[in-house]
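Presented below is the structure to which this report refers.
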Amino acid sequence: AQKITQTQPGMFVQEKEAVTLDCTYDTSDPSYGLFWYKQPSSGEMIFLIYQGSYDQQNATEGRYSLNFQKARKSANLVISASQLGDSAMYFCAMREGGIYNQGGKLIFGQGTELSVKP
Amino acid sequence: KAGVTQTPRYLIKTRGQQVTLSCSPISGHRSVSWYQQTPGQGLQFLFEYFSETQRNKGNFPGRFSGRQFSNSRSEMNVSTLELGDSALYLCASSLPLMGGIAKNIQYFGAGTRLSVL
C-alpha cells in the first residue's frame with residue numbers, strides 16, 4: 001500500500017540558512033508523483049513543488065528544490081535562504097499515476113513543523 | 001484568477017446534527033477533491049468528483065457524502081455528526097487528470113473548520 005513518512009515532527013532553522021525536510025515513500029506503482037505543500041496557521045495548503053517518478057532532473061521552484069533519490073524512495077525538500085515567513089507545517093504527498101488511477105487522490109505524510117528563528 | 005473558495009470558514013454544530021460544506025473551484029477546474037484533517041489522523045482523502053460523478057472515494061462511513069454541480073461547484077454533507085467529525089475540511093480543485101499521468105496539481109482552499117459539541 002502507498003505510504004508517506006515524514007520523520008521530523010518539528011524543526012528549527014536560523015533565518016537565511018538552508019533546511020532539509022525529509023520524506024520517504026512506499027509504492028509499487030512505477031508511475032507516481034510527489035508533491036510538497038506548505039500549510040501556514042491560516043489552514044490553506046499551498047503547493048510548492050512537484051517531482052514525477054520519470055523525471056530525470058530534480059525539481060526546483062525558486063528557493064525550493066527537491067532532492068529526489070528514487071532508489072532510496074526519498075523526496076526531501078530543501079529550502080534555501082530561510083525566511084521568517086517560511087514558518088509553517090510542510091506536507092509531503094504522493095499520487096500513484098498508473099493507468100488504472102483516474103482519480104486525484106493524494107496520500108499525505110504527517111507533516112513537519114518548521115520554525116524559522118530571526 | 002480567484003482561488004478555491006470554501007464556505008463557511010467556521011462552523012459549530014452539536015452531535016446528531018447534519019452539516020453541508022461548500023467549495024467553489026478555480027475557474028476552469030473540473031475536478032474537486034475533499035480531505036479531512038485532524039491532529040490524530042492527519043490528512044485523509046474523502047472523495048473526488050469530476051463531471052458531477054464521484055470518481056474516487058476514501059475510507060469514510062456513509063455519513064459522509066458529496067455532490068458536484070454542473071458548474072463544478074461541490075458540496076459535502078455529513079449527517080448525524082459525531083464528536084470525532086471535528087476537523088478542518090479542505091477542498092482542492094484541479095484540471096481533469098489524464099490517465100497514466102501522475103502530475104496534476106491540486107490547489108486547496110482555506111478550509112472549513114468544523115467543531116462538533
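The values are calculated or read from the model by the stated rules, or taken from the named source; none is laboratory data. Keep in mind it's a predicted model, so treat the numbers as computed, not measured. In this analysis, Cβ positions are derived from the backbone assuming ideal geometry, glycine residues included, and neighbour counts consider all displayed protein chains. Please note that ligands, DNA and RNA were not included when accessible areas were found on the heavy atoms of the full protein model with its side chains. Shrake-Rupley method; radii C 1.70, N 1.55, O 1.52, S 1.80 Å.
These residues, B:Leu11, B:Leu83, go from largest to smallest accessible area, 1.4 Å probe, as B:Leu83, B:Leu11. Computed from backbone phi with θ = phi - 60° and the Karplus coefficients 6.51, -1.76 and 1.60, the 3J(HN,Hα) list for region A:71-76 is 5, 8, 6, 10, 9, 7 Hz; x is used for glycine and proline.
3J(HN,Hα) along region A:108-117, derived from phi through the Karplus expression 6.51 cos²θ - 1.76 cosθ + 1.60 where θ = phi - 60°, amounts to 10, x, 7, x, 10, 8, 9, 10, 9, 9 Hz, with x in place of Gly and Pro. For region B:15-26, 3J(HN,Hα) computed residue by residue from phi via the Karplus equation (6.51, -1.76, 1.60; θ = phi - 60°) reads 3, x, 6, 10, 9, 10, 10, 10, 9, 10, x, 4 Hz, glycine and proline entered as x.
Backbone amide hydrogens, once placed in the peptide plane, bring A:Ser115 within less than 5 Å of A:Met11, A:Phe12, A:Val13, excluding anything fewer than 5 places away on its chain. Excluding ligands, DNA and RNA and using a 1.4 Å probe, chains B and A jointly bury around 2000 Å² of accessible surface, summed across both partners.
The count of lysine pairs in the protein assembly as shown with alpha-carbon distances below 20 Å, taking only pairs 8 or more places apart or on different chains, stands at 17.
Could you give the size of the charge dipole of the protein assembly as shown about its Cα centre, using +1 on the Cβ of each K and R and -1 on the Cβ of each D and E, expressed in debye and rounded to the nearest 20?
Values: 22 positive and 16 negative charges, 75 e Å.
The calculated dipole for the protein assembly as shown is roughly 360 debye.
For A:Glu44, no residue has an amide H sitting under 5 Å from its own, ignoring neighbours fewer than 5 places away on the same chain, with H placed 1.01 Å from N.
In this simple spin-label model, placing a label point 7 Å from the Cα along the Cα-to-Cβ direction at both B:Gln41 and A:Gln8 gives a separation of 2.9 nm.
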